[in-house]
Amino acid sequence: MSASREDGRTFEESLLELERMVRELEDGRLGLEDALARYEQGVGLIKSCYQQLRQAEQRIVMLAGIDEEQQPILQPFKHEATAVAKKRP
């Protein structure tokens, strides 16, 4: 999942940048204006990452078998739970 977004960053690069921003904010050495600017940038990166994840999810296909020519038959991924929750005694 390394598709680039509009600013040229990949999903992975965006995550690394978010981690760096969090460290800077947690460090407490930034002034208020710089901290707010980093926070706003981080929110933008988070939104972009979520968008990329949604796009990737939409591209997921499930193998449904093979046709007569031995080619895979693909169908869109269905958004439903596949695991059954266990009941507690």
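The values are calculated or read from the model by the stated rules, or taken from the named source; none is laboratory data. Keep in mind that what you see is a predicted model, and the values were worked out from it rather than measured. Positions of Cβ are backbone-derived with ideal geometry, glycine not excepted, and every protein chain shown enters the neighbour counts.
M1 - would you say it is assigned to a loop (DSSP other than H, G, I, E, B) and either modelled with pLDDT of 70 or more or surrounded by 10 or more Cβ atoms within 10 Å (Cβ to Cβ) (or both)? Walk me through how you get there before you give the answer.
Details: assigned to a loop (DSSP other than H, G, I, E, B): yes; either modelled with pLDDT of 70 or more or surrounded by 10 or more Cβ atoms within 10 Å (Cβ to Cβ) (or both): yes.
Considered against the rule, which asks whether it is assigned to a loop (DSSP other than H, G, I, E, B) and either modelled with pLDDT of 70 or more or surrounded by 10 or more Cβ atoms within 10 Å (Cβ to Cβ) (or both), M1 comes out as yes.
The rows are residues; the columns are (1) surrounded by 10 or more Cβ atoms within 10 Å (Cβ to Cβ); (2) at pLDDT 95 or above.
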position: G28; (1), (2): no, no
position: L36; (1), (2): yes, yes
position: S48; (1), (2): yes, no
position: L53; (1), (2): yes, no
position: M62; (1), (2): yes, no
position: E68; (1), (2): no, no
position: K78; (1), (2): no, no
position: T82; (1), (2): no, no
position: P89; (1), (2): no, no
When both residues are 6+ apart or on different chains and their Cβ atoms are under 6 Å apart, which pairs have a first residue that lies in segment 1-24 and is within 10 Å of S48 (Cα to Cα), and a second that is of a type in the set (D, E, K, R) and at pLDDT below 95? none
